[in-house]
Structure formats: structure tokens, C-alpha cells
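Please read the structure below before turning to the comments.
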Amino acid sequence: MSSPEIYSPGLEGVLAGETAISTVSDGLSYRGYSVGDLAEKCSFDEVAYLLLHNELPTPRQLAEFQARVAAGRRLPDPLHSLFKSLPRWTSSMDALRTAVSILAHFDQDTSDNSHDANLRKAERLLAQVPLAVADHYRISKGLQTVPARKDLSHAANFLYMLNGSEPNPAAVRALDVSLILYAEHEFNASAFTARVVCSTESDLHSSIVAAIGALKGRLHGGANEEVMELLQKAGGPEGAEKWVREALARKERIMGFGHRVYKAGDERARILKVHARKAAEAAGNLRWEETADIIERVVLAEKGLHPNLDWPAGRLYHCLNLEIPLYTPIFVMSRVAGWSAHVIEQLGHNRLIRPRARYTGPARRSVKPLAELGWGSRLGRRLPIFG
Ligand code: ACO
């Protein structure tokens, strides 16, 4: 057994595998296309196809893909019964994690790990996740669920199911851009989690359930919900500077800032900021944009930290009248494409992911039998019952 010498806390700077899906070197790109180019010229549906099928689709391939995804927009009845019986305080992310686990029971391909079966499962999950988010949301509010539409895109159908009305095209486009930017990000914590799970030859649904658990944390996807809460705590442009200086003095983390890889700024945040501002202008309320600008200036000056994608995403979703507990589930609606691509890639040339750890426990020592401590023989004798 070799004795590894390389140790990097949090695996910072470690190359933990190979991928052809995306890279953050020289700016983020998915399968060779920069995210800026994709966000400007493509729809999320095209980008999801790119991630799952390696190339951007032709018009015909896109139509066939959208038809397959639309046909998968169905949830098994027991999932609705479960949503109705979950405790009132269940968060949307927890409900979604459970929903994906339940969907595994109803998918005829769950235990088939072949490439084709994994693609079928990935497309079905892409179809089902927005339904689970929208249906749980409406049920938790005591509202009737709205049947999915087959003629709408991923983003448009979600807004339609959530609100029960025809979505506004500008809102659909803004949400769509955010989904493109959220879709994939190399070996982030949740994608790596998905790869670790499937590297044991477990299945795609198990990998996605675990990835949702990893995304939920506030250092990862959970930050987009905290961003809007933070802006509300800051109270508006009047008190923003005082609030953020005091928060930094208390050594609080300002959600939506900093990144493990991007130390000079996250281009996804720069792209989405434009859309967040446009949506705020359309809503006739620039209050949170102005508050955000002040906080950005102070955090950069005091800590040298730039905003990450979650910073404008929280504000954009607020302008689209989406409630805060939906923000991280919306991230899942998009990232499920990237996670699935990682599972498929990992299984394509799998090697069990099993690193080593630096041991920090006690030095080797020997067991003292209980008998020697006055407790009689340790084996074959009942322990005394206390209390
Ligand atoms: N607010 C205040 N200080 C921060 C922040 C922040 N958001 N981020 C980092 N710092 C500080 C740390 O306290 C630390 O300071 P110190 O050296 O004085 O102790 C220093 O910057 C380095 O921080 P690390 O935690 O070592 O940086 P790391 O690369 O591990 O962290 C992370 C990256 C976890 C994203 C961090 O920046 C953070 O907590 N940000 C807030 C949460 C967030 O926005 N997450 C979303 C990530 S992007 C995404 O998931 C789409």
C-alpha cells in the first residue's frame, strides 16, 4: 500500500478526475462553448441537449428531444399523496430530494446502468424535476396543481405550472438564461458527490438524490436563497453600507460572494446581473439592485471578494415574483442536466472514487479488557443496566 503525501484540505487545487463536459480554465465553457456564447444564442433546452448528448442539436434533434422531455412530464400519483402528507414545515429542497428518490421506484430503468438507459432516465428526470417543484409548491399552499404543457419549453412550462397562467416571454427568457448559467460547473461539490455515488456502480437516481443533498448547503446552491434574505435584512440602499460593514465586522459570510475557483470574479454573475437589472427595471423597482451595488462595492473593497452567480440569481428570481424557497430547487431543475452528464461520463470509464485520509487520531494502543477494569468478562456477559 502506497502512502500518499499530497494533502489539500477541501481538495482545493486537486485534479480529482477527468471530464469532457465543462472546464473553468480560460472562462467557463460547456463542451467547448463559452457560457457567454450559450447564454446569448441558445435556449436552456439546447444546452441540456448539449450536456447530455455532447453536441448542440440540429433543429430536428432539438424538436425530438423536446418531444421526449415533454412526454416525460408526468409524476406518479403516490408522489402527490406524499406531498399532501409532508409536514407543513418541509422545505422545497427536502421535498424535492425525497421526490427524486420516490421517482426511482417508478422508473422502469432504475437499475439499468447502461449508457442508453442512463440517457433515458436523465431525460425523464429533467422533465419531472420542474413538475415536482411546482406541484409541491402549489400543494403546500393549498392550491390545485396545474397540469404540465407539452408545447412549452423547460422554463416556460415551469412558470406556467407554478402560476397557472401564460408566462410573460421576458420572464421566460430571463429564467432560461439563469438555467443555462446554472446547468453545469465542472467538479463542484454536488457534481463530485454524484460521481462518487455512481463510481460504486450505484444508479443515476441515487446519484442525483445525493447531489441534491450536497447542493442544498448554504456554501453551495443554498446561497441563492440566502442572498435575497440578506438583502431584505440590509433593508434597502439607505442602510446597506452600515449593515454590510457591521456584518463583516462580526466575521459573517456574505452569501453570494466568493468562490473556491474564481478569485477574480465569476463571469456568470456578470452575465446574469444584466438580466436581474432588466427585470428590476421592468418591475419598476430598482431598490434591491441599488442595495446590491452598495454591498458589492463594500465587500470588494473590504475583503477583495467578487459576487458569484447566486448573487444576481436571488434578485432576478425575486423580480420574477418567485418565492425564496423555490430558488435552490430552480437550480436543481437546471443542474440535473449537468449532474446526469457527469454520472454518464463517470460510468463510461469508471474507477471507484476512494481517496485516503491523513490520520489525526490516537497513536496505536491496545484494548484493556473490561475484566481488568473490574467489569467481568467483556464477552458473554450482560452489561449492567444503568438508571
Ligand atoms: N463573505 C465573507 N468572507 C468570505 C466569504 C464571504 N462570502 N467567502 C470567503 N470569505 C473569506 C473567508 O472568511 C476567509 O477569510 P479568512 O482568510 O480571513 O479566514 C477567506 O475569505 C477565504 O475563504 P475560504 O472559505 O477559504 O474560501 P473558499 O474558497 O473555501 O470558499 C466559498 C468558497 C465557500 C464559496 C466562500 O466564498 C463562501 O462561503 N461564500 C458564501 C457562500 C456562497 O455564496 N456560495 C455559493 C458558491 S457558488 C455556487 O454554488 C453557484
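Some values worked out for this structure:
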item: Magnitude of the charge dipole, the chain, Cβ model with Lys/Arg +1 and Asp/Glu -1, debye to 20; result: 1580
item: Rounded Å value of the spacing that divides the Cα centres of region 2-52 and region 187-247; result: 18
item: Global geometry of region 224-318, whether rounded, prolate or oblate, following the gyration tensor of its Cα atoms and the 1.5 cut on a/c; result: oblate
item: Evaluated over the chain, the Cα radius of gyration and Dmax, each in Å; result: 23.5, 80
item: Computed label-point distance, nm, for sites T360 and E229 using a 7 Å Cα→Cβ extension; result: 2.8
item: Paramagnetic label zone (point 7 Å from Cα along Cα-to-C-beta, K41; backbone N under 20 Å) in region 184-200; result: 184
item: Pairwise label distance in nanometres, A371 with L11, each label 7 Å out on the Cα-Cβ vector; result: 4.7
item: Listed peptides 309-316, 139-146 by packing density, highest first (mean Cβ within 10 Å); result: 309-316, 139-146
item: Value at 222 nm in deg cm²/dmol, rounded to 500, when DSSP H runs of n ≥ 4 in the chain each add -39,500 (n - 2.57); result: -18000 deg cm²/dmol
item: GNM result for the chain, Cα springs below 10 Å: residue of G222, G361, G236 fluctuating most strongly; result: G361
item: Packing rank of 286-299, 178-191, where each peptide gets the mean count of other beta carbons within 10 Å, highest leading; result: 178-191, 286-299
item: Coordinate range along principal axes, alpha carbons of region 1-128, Å, largest first; result: 50, 45, 32
item: For region 251-368, fraction of C-alpha pairs farther apart than 20 Å, in %; result: 60
item: FRET efficiency, E323 to Q144 (Cβ-Cβ, R0 22 Å, nearest 0.05); result: 0.80
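All of the numbers you see were taken from the coordinates with simple rules; none came from a lab. Keep in mind that what you see is a predicted model, and the values were worked out from it rather than measured. Heads up, the Cβs are rebuilt from the backbone with ideal geometry, glycines too, and the neighbour counts pull from every protein chain shown.
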